[in-house]
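These notes concern the structure reproduced below.
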Ligand code: ADP
């Protein structure tokens, strides 16, 4: 049995992430998608909101669970006995950082290996940051995220502009 974990910010989850989730869920016995609570970033959605969004979009994939964690990915991987860390690769620009992280994690948690899934070409350009920027300026994000997620993003920006908190 091989248990994989797909860690990331997922702020918010996009069709690019979902594509990686579906493909990884077919490769491994179980897949845990886990939201990293990263104090260094100031996210649009709280960890709890991101977990709920992921649970919503993954509800029909039976071997996928959603979780969250703080601190070192390697420690989280060891504590939970995962065999594989999944990451997505979009372009060469992702490569250097991802390679460095995979090698660091392998030093810290040698029993787990990182497996990269290359993005499907139709999502190669897609990132959570792009989605937030397009939504912020009133563009159509329906091709980037599932409908429920689109609604939550638009609600969040409405709330933020009402509260005068845009940044
Ligand atoms: P992080 O802050 O950990 O990079 P992200 O949510 O931005 O969190 O990304 C999580 C993982 O998903 C990363 O490995 C990233 O390269 C991958 N990813 C993000 N967008 C896509 C996409 N459109 N296609 C494939 N992989 C993607």
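When segment 114-133 is filtered for residues that are surrounded by 15 or more Cβ atoms within 10 Å (Cβ to Cβ), in contact with a strand residue (DSSP E or B) (Cβ under 6 Å, 6 or more places away or on another chain) and outside any loop (DSSP other than H, G, I, E, B), the ones remaining, listed by number, are 114, 115, 116, 117.
Only residues that are out of contact with any helix residue (DSSP H, G or I) (no Cβ under 7 Å at 6 or more places or on another chain) and not in a strand (DSSP E or B) were counted across segment 23-44, and they come to 13. A single entry from 87, 151 fulfils the requirement of being at pLDDT 95 or above, in contact with a strand residue (DSSP E or B) (Cβ under 7 Å, 6 or more places away or on another chain) and outside any loop (DSSP other than H, G, I, E, B): 87.
Residue count for segment 74-89 under the criterion of being surrounded by 18 or more Cβ atoms within 10 Å (Cβ to Cβ) and within 9 Å of the ligand (Cβ to nearest atom): the result is 3.
Matching residues to (1) more than 22 Å from residue 142 (Cβ to Cβ); (2) within 12 Å of the ligand (Cβ to nearest atom); (3) without any contact (Cβ under 8 Å) to a residue 40 or more places away in the chain:
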{"residue": "1", "(1), (2), (3)": "yes, no, yes"}
{"residue": "7", "(1), (2), (3)": "yes, yes, no"}
{"residue": "15", "(1), (2), (3)": "no, yes, no"}
{"residue": "18", "(1), (2), (3)": "no, yes, no"}
{"residue": "22", "(1), (2), (3)": "no, yes, yes"}
{"residue": "26", "(1), (2), (3)": "yes, no, yes"}
{"residue": "31", "(1), (2), (3)": "yes, no, no"}
{"residue": "34", "(1), (2), (3)": "yes, yes, no"}
{"residue": "54", "(1), (2), (3)": "no, yes, no"}
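Scanning segment 62-84 for residues that are outside any strand (DSSP E or B), touching a residue at least 24 places away in the same chain (Cβ under 8 Å) and either more than 30 Å from residue 121 (Cα to Cα) or in contact with a strand residue (DSSP E or B) (Cβ under 8 Å, 6 or more places away or on another chain) (or both) yields 63, 72, 73, 75, 76, 77, 78, 80, 81, 82, 83.
The values are calculated or read from the model by the stated rules, or taken from the named source; none is laboratory data. Since the model is a prediction, treat every value here as computed from it, not as a measurement. Note: ideal-geometry Cβ built from the backbone for every residue, glycine included; neighbour counts use all protein chains shown.
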